[in-house]
Amino acid sequence: VFRGGKVAQRYKELLRLRLSTLHGCRFCNQGNRLDAIEAGLTEAQIAAFESPESGTFTPAELAVLALGAELALTNSTGVLSEALHGQLAAYFDDAQILELGLVGGILAGVAKFMFTYDLVEKEDSCPFHPVT
C-alpha cells in the first residue's frame, strides 16, 4: 500500500516524515527525510514541520500533516473528526482518506514495535525512552 494505491507518493512520504518527527525516531528521520526530498518535498517544508501553518505547505499537505498529528503515538486521543475529514475530503476521495489512515496506522505500529524492542536510535526529543 505504501508504494502503490491511489494516494500520490508525495503525500505518503509527508505523512511518514511527520510521524517519525513526532515520534522522535532518529533512524527513521534520516531515511524518511531523504525519501521525502526525493518525492518532491523541499528543505524549507521539512524545516517548517514545527510550524506547518507558516505558508510553505499547500492546503492538501496541511490536511495530511493534521492527519499525521492525530495518528501519532504521542496523541492518545487522536480522532478523525468531522472537521479533519472535511479538510481531507477537499483534496482526497474516501478511498484515499482510508489509504492515508491505513498507511499512517501501519507506520505508527511499526514505530511502536521498534521502540518496544529498542531497535532504533532515538532523538533526544523522543518521548519513548525506557524508564531507568
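Quick note: the coordinates plus some simple rules give every number you see, no bench work behind them. What you see is a predicted model, and the numbers here were worked out from it, not measured in a lab. All Cβ positions, glycine included, derive from the backbone under ideal geometry; neighbour counts span all protein chains shown.
Report note on the peptides 120-127, 85-92: ranked by the mean count of other C-beta atoms within 10 Å, highest first, their order is 85-92, 120-127. Across the chain, Cα pairs under 8 Å and at least six residues apart give a relative contact order of 36 percent. Counting beta carbons within 10 Å around each of Leu100, Leu71, Leu119 and listing the fewest first gives the order Leu119, Leu71, Leu100. Ranking of Arg18, Arg33 by neighbouring Cβ atoms within 10 Å, starting from the fewest: Arg33, Arg18.
Neighbours of Val1, meaning other residues whose beta-carbon lies under 14 angstrom from its beta-carbon, give a summed charge of +2 when Lys and Arg score +1 and Asp and Glu score -1. Distance from the C-alpha centroid of region 58-132 to that of region 14-28: 9 Å, rounded to the whole angstrom.
By the scheme Lys and Arg +1, Asp and Glu -1, what is the net charge of all other residues having a beta-carbon under 10 Å from that of Gly40? The partial results should precede the final answer.
Details: positive: Arg10; negative: Glu13, Glu38.
With Lys, Arg at +1 and Asp, Glu at -1, the net is -1.
Amide H to amide H distances under 5 Å link Lys122 with Arg26, where only residues 5 or more positions off or on other chains count and H is placed in the peptide plane. Modelled spin-label separation between Ser51 and His129, with each label point placed 7 Å from Cα along the Cα-to-Cβ direction: 2.7 nm.
Mind running the shape call on region 9-116? Use the C-alpha gyration tensor, a ≥ b ≥ c as the square roots of the eigenvalues: rounded below 1.5 for a/c, prolate if a/b tops b/c, oblate otherwise. Working shown, then result.
Working: a/c = 1.56, a/b = 1.10, b/c = 1.42.
Since a/c reaches 1.5 but b/c is at least a/b, the shape of region 9-116 is classed as oblate.
I want to verify a result. In a Gaussian network model of the chain, Cα cutoff 10 Å, which of these has the top mean-square fluctuation: Leu98, Leu19, Leu107? Highest fluctuation among the options: Leu98. For Phe57, the shell of other residues with beta-carbons less than 12 Å away shows a net charge of 0, using +1 for Lys and Arg and -1 for Asp and Glu.
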